[in-house]
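Visitor: Quick one: structure below, then a few questions.
The values are calculated or read from the model by the stated rules, or taken from the named source; none is laboratory data. A quick note: this is a predicted structure, and the numbers were derived from the prediction, not measured. A quick note on method: Cβ atoms are made from the backbone with ideal geometry, for glycine too, and the neighbour counts reach across all protein chains shown.
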Amino acid sequence: MEKILLTGATGFVGKELAIKLLEKKYEVHTLERYVTGRYSFEGDAKIINHHGSLTDYAAIKHIIKDVKPDFVLHLAAISPVSFSYDHYMEVTEANYLGTINLAEACFREVKNFKQFIFAGTSEEYGMSLQTTKDMLKEDSPLLPNSPYAIAKVAADIYLRYMHSAYGFPVTIMRPYNTYGRKDNSHFFIERTITQMLRGNKVYLGDRGTVRDWLYIDDHVNGYIKAIGNKKAVGEVVQLCTGKGYTTEETANIIARLTGFKGDVVWNSTPKRPLDAKILIGDNSKAKRILGWEPKYDLESGLKMTIDYWRK
């Protein structure tokens, strides 16, 4: 049985991915920080938990040496972009230095290591796209505009250096804005849904920002398709739908599906110092290399997300 070490297993995507990995009959190990009360799989005999901080190289090296994973799926990150503006050092250490520690430990401690799959982000492109007539591709310019995105770009570049210099088997995934959370209403779609279901006034930010929304099941399936895929080694692959919606268009769809008749107050949440106006991706490479394409359009994904929160 092949071993997978999954980081970020307590997070939104990681939780869903861990369940799928078990279904695929992998031996699943998780790397988690010690945070009181946050043990998603504690007591689940099928998942082997390891506790350590990505910023502690000695601890990471010990865990990698002990587990000897065939694959690492590195999803762990401090992910709220808005948080990174004021907590830039913490975000840089976790998202950049933590990635280096993990990758170098795999390279140095695991013989015949098969693949390091890194969770990049569409935020890496930043201000690269200026018109909705175009779509971002894997070779589009990286113009990060937040400490979060800068740390991700730096990690991305370091991993590609390791591949070029030593043949380190890395695959960089760049998923777009994902929704379908079950326990966090901080992010745009879940925040809009929960406010509309309560029937209150809805307070949102910029109505004109354009995003390519990816449903959680499609996101997870992209990682599953990448594991052990030799064509994906050394590659950057986007996970996206290829269709962009303004936040206003998205909120209007949610209002229709929830039956919300109240008021939306725009420009009423804190603005970021910089924000990418448009993020729409081309998924042709994912189709070609991974045999992946999204199963859910925005409306079908929103219906499932709304049904969950309604309950």
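Visitor: If you check 272, 288, 256, which single one turns out to be basic (Lys, Arg), assigned to a helix (DSSP H, G or I) and under 30 Å from residue 201 (Cα atoms)?
Guide: Only one candidate qualifies: 256.
Visitor: Give the number of residues within region 278-302 that are surrounded by 15 or more Cβ atoms within 10 Å (Cβ to Cβ) and either over 22 Å from residue 124 (Cβ atoms) or charged (D, E, K, R) (or both).
Guide: Result for region 278-302: 7.
Visitor: With the structure loaded, tell me whether residue 226 is in contact (Cβ under 8 Å) with a residue 60 or more places away in the chain and hydrophobic (A, V, I, L, M, F, W, C) or whether it fails that test.
Guide: yes
Visitor: When residues of region 114-141 are filtered for being of a type outside the set (Ser, Thr, Tyr) and in a loop (DSSP other than H, G, I, E, B), how many remain?
Guide: 13
Visitor: Sticking with this one: Please enumerate the residues belonging to region 204-234 that are part of a loop (DSSP other than H, G, I, E, B), crowded, with 18+ Cβ neighbours inside 10 Å and at pLDDT 95 or above.
Guide: Passing the criteria: 212, 213, 227, 229, 233.
Visitor: Among the residues of region 191-233, write down those that are under 22 Å from residue 281 (Cα atoms), within 19 Å of the chain's Cα centre (by Cα) and not aliphatic (A, V, I, L, M).
Guide: Listed by number, the residues that qualify are 211, 212, 213, 215, 217, 218, 219, 221, 222, 223, 225.
Visitor: Please work out which residue is nearest to residue 106 (Cα to Cα), limiting yourself to region 157-187 and to residues that are hydrophobic (A, V, I, L, M, F, W, C) and in contact with a strand residue (DSSP E or B) (Cβ under 8 Å, 6 or more places away or on another chain).
Guide: 168
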